[in-house]
Amino acid sequence: MVDTIVKAEALKAYYITKAYGVERTVKAVDDISIEIKTGEVYGLAGESGCGKSTLLKVLLGDFQPPLTVVEGSVSYQFEGMSKDATKLSEQDKRDIRWNKVSYIPQGSMHVLNPVRRIQDTFHDFITTHKGTTKPQSFEMTQAYLRDLGLPEKVMRSYPHQLSGGMKQRVTIALATILYPKLIFADEPTTALDVVVQRGVIQLLKDIQKKENSTVVLITHDLGVHANLADRIGILYAGKLVEEASTRTILKTPKHPYTQFLINSLPSFDERSAKEGIPGRPPALDHPPSGCRFHPRCPLAIEKCSTVEPPMLELAPGHRAACHLLTDEVNHAAG
Ligand code: SF4
């Protein structure tokens, strides 16, 4: 049996602000439960504003007010350790971050110090966590970059001497050089052209395979998920609406929103994207009642606007939350 490495249970994370005596609550993550297994690549997908990045911050244990966990928990379980990521002390964060749990932020190529050579940036980073001497850090960096197939000469370069794609690869190498078991990657291929994207995807695949590490990948780009993820969770307006293996999500999506997302992708023989999903995601300070997708859903029935659909298990490893699927589940059970 494959172990669970991170588990979110009934997680609610809201942005709570107060201005001129008026409180505003944005329900960015609203009652989400997910379980991520050791060694898998778990993809989180959905339109902008669906809660992906907020969920990632909470899973990473890196959030501060106004973002507040109002209910639920996130547990890490590895190397004999069990911790609630929503309640990490500053010492826990220092012990865990980068060594055990790492993060590749959005636009991460900008984290490289422009006035330091790459090898010095690596040294600064490694010595902070491992107390290594400069020759030791240098040796570790050289071996790691070689292992990942990155040219050795990048070590002597300044960031401005590297292409955008190479900077991104170097940053990913920096975030993973301490062999973390759990890696969170937020839109790691955004702003890169397709050819460079492929190199970055391959690098992430190689890192994951080498160490059997777990990667939680956030991107709105289902093409990237198709290439990397073993399973995908689809988020809509702060809710998990469907979760299954990547193949199932791409071939036989069951939730109307997932079907829209998949149908709006261009296929190989088409030059342009198909029509997008009508309407816009709702504001999360006043989310729609019932199913949050009902104002945009062409299949909505009466109760969709008043009753929230429960998460249903459609098949082992495949779940979705839609009233229309209730009959399917009852039929299978009966
Ligand atoms: Fe559409 Fe209703 Fe299903 Fe929501 S529950 S996705 S509104 S059919």
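None of the figures in this text is laboratory data; all of them are computed from the coordinates on show. Quick caveat, the model's predicted, so the values are computed rather than measured. Every residue, glycine as well, gets a Cβ built from its backbone with ideal geometry; the counts of neighbours run over all protein chains shown.
Hey, which of these cross-link pairs are over 31 Å Cα-Cα: 83/210; 87/254; 87/134; 93/210? Result: 87/254; 87/134 exceed 31 Å.
If we count other beta carbons within 10 Å of each Cβ, what is the order of 110, 129, fewest first?
Numbers: 110 11, 129 14.
In increasing order of surrounding Cβ atoms, one gets 110, 129.
Karplus-based coupling profile of the range 287-299, in residue order and whole Hz: x, x, 6, x, 7, 5, 8, 4, x, 10, 8, x, 9, with θ = phi - 60° in 6.51 cos²θ - 1.76 cosθ + 1.60 and x standing for Gly or Pro.
Taking GluC sites (Glu not before Pro) as exposed when their DSSP state is a loop state and no more than 15 other Cβ atoms lie within 10 Å, the longest site-free interval of the chain runs over 80-269.
Quick one: order 200, 115, 216 by neighbouring beta-carbon count within 10 Å, fewest to most. Don't skip to the end; give the middle numbers.
Numbers: 200 22, 115 9, 216 26.
Taking fewest neighbouring Cβ atoms as first place, the list is 115, 200, 216.
Sort out for me the Cα centre separation of the range 272-312 from the range 52-77, rounded to whole Å. Here the two parts' Cα centres lie 25 Å apart. Rounded to whole numbers, the Karplus 3J(HN,Hα) couplings from phi for the range 303-309 are 6, 4, 7, 10, 10, 6, x Hz, using 6.51 cos²θ - 1.76 cosθ + 1.60 with θ = phi - 60°, and x at Gly and Pro. If you count Lys pairs in the range 1-59 whose Cα atoms are under 19 Å apart, skipping same-chain pairs closer than 8 places in sequence, the total is 11.
Overall, the anisotropy analysis places the chain in the prolate class: the square-rooted eigenvalues a ≥ b ≥ c of its C-alpha gyration tensor yield a/c not less than 1.5, with a/b exceeding b/c.
Across the range 192-225, the residues whose backbone nitrogen lies under 15 Å from the label position 7 Å along the beta-carbon direction of residue 163 are 192-203. With each label modelled as a point 7 angstrom along the Cα→C-beta vector, the residue 299-residue 19 pair spans 3.9 nm. Sorted ascending by nearby beta carbons within 10 Å, beginning with the fewest, 25, 219, 306 become 306, 25, 219.
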